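The values are calculated or read from the model by the stated rules, or taken from the named source; none is laboratory data. Just so we're clear, the structure is a prediction, and the values are computed from it rather than from any experiment. Neighbour counts run over all protein chains shown; Cβ positions are idealised from the backbone, glycine included. Note: accessible area is taken over every heavy atom of the protein model, side chains too, but ligands, DNA and RNA are not part of it. Shrake-Rupley method; radii C 1.70, N 1.55, O 1.52, S 1.80 Å.
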Amino acid sequence: MKPFDYVRSHDAAGAAEAVAQGGSFIAGGTNLLDLMKLEVMTPDKLVDIGRLNMNEISATDDGGLRVGALVTNSDCAAHDTVRRDYGVLSRAILAGASGQLRNKATTGGNLCQRTRCYYFYDPVMPCNKREPGSGCHAMNGFNRIHAVLGTSEACIATYPGDMAVALATLDADVEILSAEGKTRSVPVRDFHRCPGDEPEKDNVLEPGDLITAVTLPPARKGSHFYRKVRDRSSYAFALVSVAAIINVEDEKIASAALAFGGLATKPWRDPEVEEVLIGERPSLELFEKAADILLADAKGQGSNDFKIPLARRTLTAVLAEGCGMEAPL
Amino acid sequence: MQTTSLHINGEEHTLKADSRTTLLDALRNHLGLTGSKKGCDHGQCGACTVMVNGRRINSCLTLACMHDGDEIVTIEGLGAPEELSSLQAAFVAHDAFQCGYCTPGQICSAMGMIEEAQTGWPSYVSETLDDLKELSDEEISERMSGNLCRCAAYPNIVRAIRQIAKETE
């Protein structure tokens with residue numbers, strides 16, 4: 001690990017100001033320290049925000065919920081209101097990492113976790129995300145875990161998380177404090193970026209921007225699902241995951257919110273997939289049509305081609321379950 | 001250099017160390033508490049699991065200086081060879097290890113896990129998100145998936161944990 005200065009922060013505004021001049025925030029640190037040991041990330045200063053007063057979950061005036069950025073993943077998943085009204089979020093968090101990691105990892109940090117692309121993680125290899133302009137060796141290399149949606153010529157790294165996929169279905173917002181002391185709110189769906197020709201930018205945060213909370217609107221009507229397909233049944237990243245909130249009324253799909261993990265360069269939500277379902281009578285043909293729309297632009301790189309049919313099967317299985325139908329084989 | 005005050009197994013320690021020192025390295029190399037083990041050093045194997053402020057975490061993925069004033073419990077704080085804790089005794093009785101390298105992490109993790117389950121926390125394999133009613137073997141395996149055992153003593157690890165979870169219900 002490269003040497004760095006360590007500073008404990010006592011106020012959010014001071015922390016944002018300090019990091020605007022260089023370095024990084026640290027809260028749980030479970031991803032950052034892993035990357036620092038490998039010298040994938042080499043901040044010269046760590047500003048520890050772990051003891052700032054941002055670890056509460058509270059009701060909002062509009063009937064929603066505000067989850068402080070320092071609420072641990074464990075506490076968020078176990079919170080009574082989250083379990084009762086935002087089940088997809090509890091399920092997604094519990095599908096990720098291990099008990100030990102969830103006890104340390106925070107809500108804000110989880111949103112900022114980096115890709116697990118093998119080439120990004122290996123400083124000896126070229127990687128446009130780690131070292132802009134150096135090239136992408138995943139493109140014609142080992143790319144079994146890589147993205148099939150939202151990729152660019154510069155980068156095909158998969159967004160690795162589960163929590164943000166659930167937050168996308170919930171229409172959550174990210175509350176951000178800037179180094180200038182201004183607070184703004186960004187929908188989770190717009191928080192992460194597709195790589196384009198700037199793959200080094202995972203999200204819309206500017207230097208010094210500090211995530212202070214995630215806010216959830218009032219609970220959506222419907223049944224909540226998070227289905228994760230992976231190489232082993234626990235403690236592994238998603239090959240494909242589907243977060244879904246599905247509401248069926250009078251034998252028709254009244255509403256559907258669907259987001260996908262493991263498939264794309266960011267938590268993926270495609271309004272057209274939902275539009276084709278809404279107002280329709282559930283059927284396997286309809287679900288196939290939704291999958292056609294989702295995967296119309298999907299592009300495999302060889303070893304990850306299997307993700308395209310896997311996403312189709314996972315989506316149709318979740319929709320069937322959500323509509324109380326027998327799952328197709 | 002950072003000066004950090006750590007409460008470990010009921011004793012006060014003052015650590016003067018490079019800011020890069022992980023909590024695991026502080027325990028093992030600076031304070032002589034070598035019960036916590038370094039396996040992967042990347043949070044993947046769980047051999048370094050300790051309790052911090054009542055919660056199990058990976059001590060390899062956190063800096064010692066982040067824990068000024070925190071309460072830390074390691075395997076040395078749970079029991080001693082002549083005075084085993086109930087979990088340690090159950091691991092012996094059920095032959096829940098072969099080489100033993102992962103065992104301190106397994107036991108610290110199990111201690112935290114049993115408390116989490118008794119608080120009612122659901123897991124990925126729980127049918128509903130209601131308060132957990134029964135800690136089945138499937139629940140134990142899922143909740144312990146952050147602890148690897150390369151000797152694959154898993155069946156007996158589950159048996160040992162199941163016994164203690166039932167006794168402390």
Matching entry among A:Leu284, A:Leu210 (being among the aliphatic types (A, V, I, L, M), farther than 17 Å from A:Thr169 by Cα and touching a residue at least 60 places away in the same chain (Cβ under 8 Å)): A:Leu210
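Residue by residue, here is whether (1) touching a residue at least 40 places away in the same chain (Cβ under 8 Å); (2) basic (Lys, Arg) holds:
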residue: A:Ala243; (1), (2): yes, no
residue: A:Asn247; (1), (2): no, no
residue: A:Ile253; (1), (2): yes, no
residue: A:Lys266; (1), (2): yes, yes
Subset of the range A:35-55 [touching an Asp or Glu at 6+ places or on another chain (Cβ under 9 Å) and assigned to a helix (DSSP H, G or I)]: A:Lys37
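Out of all the residues in the range A:34-54, is one or more away from chain B (no Cβ under 14 Å), free of Cβ contacts under 8 Å to residues at least 60 places away in the same chain, within 30 Å of A:Asp85 (Cβ to Cβ) and not aromatic (Phe, Trp, Tyr)? Quick ask: steps written out before the conclusion?
First, the residues of the range A:34-54 that are away from chain B (no Cβ under 14 Å): A:53-54.
Add one more test, that the residue is free of Cβ contacts under 8 Å to residues at least 60 places away in the same chain, and what stays is A:53.
Right, trim to within 30 Å of A:Asp85 (Cβ to Cβ) and you get A:53.
Filter again for not aromatic (Phe, Trp, Tyr), leaving A:53.
Checked against the condition, which is being away from chain B (no Cβ under 14 Å), free of Cβ contacts under 8 Å to residues at least 60 places away in the same chain, within 30 Å of A:Asp85 (Cβ to Cβ) and not aromatic (Phe, Trp, Tyr), the range A:34-54 yields at least one hit.
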Taking the condition open to solvent by 10 Å² or more (accessible area, probe 1.4 Å) and touching a strand residue (DSSP E or B) at 6+ places or on another chain (Cβ under 9 Å), does A:Gln113 pass? no
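How about the range B:115-151: which of its residues are within 14 Å of chain A (Cβ to nearest Cβ) and farther than 27 Å from A:Thr81 by Cα? Quick ask: steps written out before the conclusion?
At the first step, the residues of the range B:115-151 found to be within 14 Å of chain A (Cβ to nearest Cβ) are B:115-132, B:135, B:137-149.
Correct list: B:Asp137, B:Asn147, B:Leu148, B:Cys149.
Any idea which residue in the range B:3-35 is least open to solvent (accessible area, probe 1.4 Å), counting only those that are within 14 Å of chain A (Cβ to nearest Cβ) and acidic (Asp, Glu)? So that I can check it myself, show each step before the final result.
Initial filter on the range B:3-35 (within 14 Å of chain A (Cβ to nearest Cβ)): B:3-5, B:15-26.
Those still in the list that are acidic (Asp, Glu) too: B:18, B:25.
Numbers: B:Asp18: 61, B:Asp25: 35 Å².
Residue satisfying both the conditions and the ranking: B:Asp25.
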What are the residues in the range A:181-206 that are exposed (fewer than 13 other Cβ atoms within 10 Å of the Cβ) and assigned to a loop (DSSP other than H, G, I, E, B), if any? A:Gly181, A:Lys182, A:Asp197, A:Glu206
Are any residues in the range B:47-72 farther than 13 Å from A:Gln100 by Cβ and facing chain A (nearest Cβ under 8 Å), and if so, which ones? B:Leu63, B:Cys65, B:Met66, B:Asp68
Sole miss for B:Met111 among (1) more than 10 Å from chain A (Cβ to nearest Cβ); (2) of a type in the set (A, V, I, L, M); (3) more than 23 Å from B:Cys40 (Cβ to Cβ) is condition (3)
For B:Gln44, the lone unmet condition from (1) open to solvent by 70 Å² or more (accessible area, probe 1.4 Å); (2) among the polar types (S, T, N, Q); (3) more than 14 Å from every other protein chain (Cβ to nearest Cβ) is (3)
Filtered residue count, the range B:79-90, keeping only those that are in contact with a Gly (Cβ under 9 Å, 6 or more places away or on another chain) and either open to solvent by less than 60 Å² (accessible area, probe 1.4 Å) or not small (Gly, Ala, Ser) (or both): 4
Does A:Leu89 satisfy being within 12 Å of chain B (Cβ to nearest Cβ), crowded, with 21+ Cβ neighbours inside 10 Å, outside any loop (DSSP other than H, G, I, E, B) and in contact with a Gly (Cβ under 9 Å, 6 or more places away or on another chain)? no
Residue check for A:Asp61: facing chain B (nearest Cβ under 10 Å) and either under 30 Å from A:Gly14 (Cβ atoms) or not polar (S, T, N, Q) (or both): no
